[in-house]
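Okay, structure first, notes after.
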Amino acid sequence: MSSLLNSETAAVSIFNAVAQRIPSRIALAGKLLTEHRQSTIHELTVENILHGLRGTPCLLWEISETSPLGIKYHGKTVTELNALLPKWPMSTQISPEAMLWFLYTAEIPTPTQLKHFSNDLISRAELPLDAQTFCDGLSTDIPADTQIIMTLSFLSRYSKFTAAVTKGAHKNDLWKYVLEDALDITARFPMILSRIYANVHGLPHQPWSIDLDLAANYARHIGREHDTDYTEFTRMCWSLYMDHGTSVSAHAMRLVSSAWTDPYLTVASGYIAGTGPLHAKAIGDSVMFNLALISALGPNATKEDIATHVGQHLLGGKIVPGFGHALLRVPDARLVALTNFLETHPSSDPKVDDFLNLIQSINSVVPPLLREKVQGMRNPHPNADALSGSILHAYGVPVDFMLSFFACSRAPGFLVQQVWDRALGLSMERPLSLTMDELLAKAETKTANATTNGVNGHTNGVATANAH
Ligand SMILES: CC(C)(COP(=O)(O)OP(=O)(O)OC[C@H]1O[C@@H](n2cnc3c(N)ncnc32)[C@H](O)[C@@H]1OP(=O)(O)O)[C@@H](O)C(=O)NCCC(=O)NCCS
């Protein structure tokens, strides 16, 4: 807890900033429970239950609100945050560290707070020696995602939260230990990714420098020290992908951590959730889909060729990765940001430009086809995954390392929520389950009651009319 106790750093400490916000948030939770305990805010339908609780506002989230119209972080859109949050010198992208501070505190960090926060993170990045040995001892033919999950799980022995729970710390203090772990993991995750990347590609390990931010340290470690555009792309993605409310990975981590699972294993569980092709694996799958298309049709494929190819794919009852969204019904703000990035950071290599132009062409041909051929698809437009992986591919990042690139952002973003869950003392998630037979019985009872009430109402109406 040195960060909380050192008075010299108290004014700029993230621990202090979170501590200052806690009383007002606890008061708000108290008000909700005292003044509105039994208020109904949503009627649960059979469709909600059969369709993955879609559209059901039932997860309390401290840092963001998701809706079909997009996501807002502490009430602010991505566009607003882009204007408000500080950027590192010589950078035009939001600093991921600033975004993280904002998620924790709902405040824009001062330059001193941001620098102190960044230094604190870098000082936590180095892995303990036994974790380095464990990580470096993993066979390089183990898929990168598996190596990352294994290393995270190994590091769980260093959880300060678990140590505090084991020692019997007061539950009101547990958020501080989650925050300790959260900051360690925020810094260590890109370190683990860089280390595994370096091991797989035979690169030397680099000590992390306090003079560089997380993204620049990561870029240097994977041999891209001088690739400014790649570092900028990293900063942009790590800011934009931090939190996505109730996405499958965030929700998985929320559920797992609600039983006081340590933050390392919680993040490993979220990573595993991300490997589902309907969720974050779609990033790499989209690249593979596009490359297969190019291999079949050549780099100069026309829109008609693309339409025929995608139409045949759909005839096989397959998913087109990178299209559709379980929640959003407006253009994905992250896709807009990725497209803007491409426009402002054009490649000097014409082959890369041609490749990315072809991807944009695919992204414009697919939606009308999906609209025509996939019945009931709610949003046929490309999501961020339709472009993000292809940009990484253009930068030379192997598909194997794409999920982990984005997980470096999603993990710290979720851990903010885990800190706040403990600060607010929220309960373990434990909804009821019911079988389809029970569901049918409940629905039939409800319909029967409604019919009876409807008949009564009608009768009453007639009676009133007669009386009149
Ligand atoms: C994101 C996704 C899981 C949302 O699923 P959803 O909420 O069920 O979406 P919808 O309600 O619009 O789906 C209606 C139908 O369209 C299908 N559909 C949705 N997206 C599709 C796609 N990209 N390609 C083909 N079919 C699709 C669904 O499978 C569903 O078919 P079904 O009725 O036979 O089960 C889905 O769009 C998808 O699989 N997309 C591709 C993977 C992807 O890009 N994931 C990352 C999302 S950020």
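Values quoted throughout were computed directly from the atomic coordinates according to the rules given, and no laboratory measurement underlies them. The shown structure was predicted, so the numbers you read here are calculated from the model rather than taken from an experiment. Using ideal geometry, Cβ is built from the backbone for each residue, glycine included, and neighbour counts are taken over all protein chains shown.
Where Rh denotes the Kirkwood radius from the mean inverse Cα pair distance, what is Rg over Rh for the chain?
Rounded to two decimals, Rg/Rh equals 1.02.
Percent relative contact order of the range 230-381, based on C-alpha pairs within less than 8 angstrom and at least six residues apart?
Once normalised by length, the contact order is 22 percent.
For Asp437, Asp354, which order do you get if you count the other beta carbons within 10 Å of each Cβ and list the fewest first?
Asp437, Asp354
Of all the stretches in the chain, which is the longest one without any exposed loop site, taking trypsin sites (Lys or Arg not before Pro) in a DSSP loop (any state but H, G, I, E, B) with at most 16 other Cβ atoms within 10 Å?
It works out to 88-317.
Below 8 Å between Cα atoms, with a sequence gap of 6+, how large is the relative contact order for the chain in percent?
Reported relative contact order: 20 percent.
Out of residues 5 or more away from Ala384 or on other chains, whose amide H comes under 5 Å of its own, with H placed 1.01 Å from N in the peptide plane?
Hits under the 5 Å cutoff: Leu335.
As a quick test, which of the pairs Lys373/Lys446; Lys115/Lys351; Lys303/Lys351; Lys31/Lys446 have an alpha carbon distance above 29 angstrom in this structure?
Going by Cα-Cα distance, Lys373/Lys446; Lys115/Lys351; Lys31/Lys446 fall outside the 29 Å limit.
Which aspartates and glutamates, if any, have their Cα less than 16 Å from the Cα of Lys281, not counting same-chain residues under 8 positions apart?
Hits, sequence-local ones excluded: Asp145, Asp385, Asp400.
Charges at C-beta only: +1 for Lys and Arg, -1 for Asp and Glu. How large is the resulting dipole of the range 282-400 about its Cα centre, in Debye rounded to 20?
Dipole magnitude for the range 282-400 comes out near 460 debye.
Could you please rank Glu304, Glu180, Glu372, placing first whichever residue has the fewest other Cβ atoms within 10 Å of its Cβ?
Listing Glu304, Glu180, Glu372 from fewest to most nearby Cβ atoms yields Glu304, Glu372, Glu180.
Using Stokes-Einstein with the Kirkwood hydrodynamic radius over Cα pairs, what translational diffusion coefficient do you get for the range 282-400 at 20 °C and a viscosity of 1.002 mPa s, in µm²/s rounded to a whole number?
So the translational diffusion coefficient is about 147 µm²/s.
Projecting each Cα onto the charge dipole of the chain (Lys/Arg +1, Asp/Glu -1 at the beta carbon, about the Cα centre), which of Ile210, Met150, Gln418 comes out farthest on the positive side?
Going by the charge dipole, the pick is Gln418.
Taking the Cβ of each residue in Val310, Val248, Val287, Val419 as the centre, tally the other Cβ atoms inside 10 Å and list the residues starting with the fewest.
Val248, Val310, Val287, Val419
On a C-alpha basis, how far is the centre of the range 298-328 from the centre of the range 353-405 in Å? Whole number, if you could?
For the range 298-328 versus the range 353-405, the Cα centre distance is 9 Å.
Rounded to the nearest 20 debye, what is the charge dipole size of the chain about its Cα centre when +1 sits on each Lys and Arg Cβ and -1 on each Asp and Glu Cβ?
Magnitude of the dipole: close to 1060 debye.
Which Cα, out of Pro57, Gly75, Thr275, lies furthest along the positive dipole direction of the chain (beta carbon charges, K/R +1, D/E -1)?
Highest projection toward the positive end goes to Pro57.
In the range 321-458, if the dipole is taken from +1 on Lys/Arg beta carbons and -1 on Asp/Glu beta carbons about the Cα centre, which of Ala384, Phe405, Ala450 is farthest to the positive end?
Ala450
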